[in-house]
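Each remark here refers to the structure printed beneath this line.
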Amino acid sequence: MTKAPFNGKGERASDLLGLLHSDVCGPMNTQARGGFQYFITSTDVFSRYGYIYLMRHKSEALEKFKEFKNEVQNQRGKKCGIVSQLTPPGTPQWKGVSERRNRTLLDMVRSMMSHSDLPISFWGHALETTAFTLNRVPSKSVQKTPYEIWTGKRPKVQQQQQVTEPEVEQTSQVVEENSTNLETQPLRRSTRERHEPERYGFLVTTHGDVILVDQDEPKTYQEVVSSLDSEKWLEAMRYKMDSMSNNQVWTLVEPPEGIKPIGCKWVFKKKTDMDGNVQTNKGRLVAKGFRQIHGIDYDETFSPVAMFKSIRILLAIAAFHDYEIWQMDVKTAFLNGKLEEDVYMT
């Protein structure tokens, strides 16, 4: 079932601090310098002026919001009341300002890191630079720059030019003074091996093309063999094949006449903890169910997945009665299902 289109419009503000959008983004695959893996954004809807705060853990969101509140009150010279407005789970369209801001920030960070030779751990500094830049450039949502609406002053871009001009003049003088020595001294060339830097969030081919990577998870068997964690992925594949063999998932037969078997593929996923650290590598051999025909190959579909509402209710009951909660993992749980139809897979 497809999701119905969203026809609503987000609420607009008529004054500064009339409405704020805040959102937490993370965890990132690589920690920034200082051990940061998350960041929280707070954007004023009226001016589109935004703040960002780096966080080591997601639980720091409340403390960062208090820090943001105190900083804004000191800048504006007045106290601000807060009325919390929560959005339903799974409805990012209701907080489009935060979602678009996070996407713009990350896109600009990826662009900065792709054109530099810095390690990936510098993405935190690139993020702060991006937020500083966005507050000082025009936007389609407002008539002036966010900085001008927020502070009442135009951003002073000339200060950045004045800082670089003396450095350029000093460098030119040094070059002129040492130009006579360059003729007698032989040119030195670096012997360091050149290689493409490890980028943040993507790889670069020999032709300079950027390839986006989704959490560095392989898509095909060829990528598994060539990846740095090839042994872990191959071990996950062997474990899955042994599990299906022990549970007698399939029977090797010749396909009947007139039956076209459906294909299969491997799906690889990294299981992470609450801090984003990889715990296990999992591989699943799945059939390409999209090639099946309703009414011929199957009659109904279902997915026994727990809803977050149910988990929250159980946690609330356990907290109220002071119960102990035990967590367990059922391996190869989907193999316990019984198929009434005959499915031929190749």
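A few comments on the model shown:
- Within the range 276-287, residues that are assigned to a loop (DSSP other than H, G, I, E, B) sit with their Cβ atoms under 9 Å from residues that are at pLDDT 85 or above and not hydrophobic (A, V, I, L, M, F, W, C), at 6+ positions apart or across chains, in these pairs: 276/26; 276/27; 276/29; 276/31; 276/37; 276/38; 277/27.
Here is a yes/no grid of residues against (1) under 21 Å from the mean Cα position of the chain (by Cα); (2) closer than 23 Å to residue 19 by Cβ; (3) in a helix (DSSP H, G or I):
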| site | (1), (2), (3) |
| --- | --- |
| 70 | no, yes, yes |
| 81 | no, yes, no |
| 89 | yes, yes, no |
| 117 | no, no, no |
| 121 | yes, no, yes |
| 127 | yes, no, yes |
| 137 | no, yes, no |
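- Residue 113 vs. criteria within 17 Å of the chain's Cα centre (by Cα), at negative phi, modelled with pLDDT of 95 or more and not β-branched (Val, Ile, Thr): no
- The listed residue being more than 31 Å from the chain's Cα centre (by Cα), under 30 Å from residue 338 (Cα atoms), at pLDDT 85 or above and not aliphatic (A, V, I, L, M), out of 251, 220: 251
- You will find that of 301, 272, the residue that is exposed (fewer than 10 other Cβ atoms within 10 Å of the Cβ) and hydroxyl-bearing (Ser, Thr, Tyr) is 301 and no other.
- Candidate set: the range 227-269, residues that are polar (S, T, N, Q) and part of a helix (DSSP H, G or I); chosen: the one most open to solvent (accessible area, probe 1.4 Å): 246
- Residues of the range 130-154 classified as at pLDDT below 90 and open to solvent by less than 50 Å² (accessible area, probe 1.4 Å), total: 2
- Filter result for residue 66 (exposed (fewer than 15 other Cβ atoms within 10 Å of the Cβ) and of a type in the set (Lys, Arg)): yes
- Scanning the range 93-108 for residues that are open to solvent by 60 Å² or more (accessible area, probe 1.4 Å) and either small (Gly, Ala, Ser) or without any contact (Cβ under 8 Å) to a residue 24 or more places away in the chain (or both), we see that the one that is farthest from residue 44 (Cα to Cα) is 107.
- Residue within the range 315-324 that is of a type in the set (Asp, Glu), open to solvent by 60 Å² or more (accessible area, probe 1.4 Å) and assigned to a loop (DSSP other than H, G, I, E, B) present: yes
The values are calculated or read from the model by the stated rules, or taken from the named source; none is laboratory data. Here the structure is a predicted model, which is why all the values come from computation and not from measurement. FYI the Cβ positions are ideal-geometry reconstructions off the backbone, even for glycines, and counts take in every protein chain you see. Quick note on the areas: whole protein, heavy atoms, side chains included, nothing else; ligands and nucleic acids left out. Shrake-Rupley method; radii C 1.70, N 1.55, O 1.52, S 1.80 Å.
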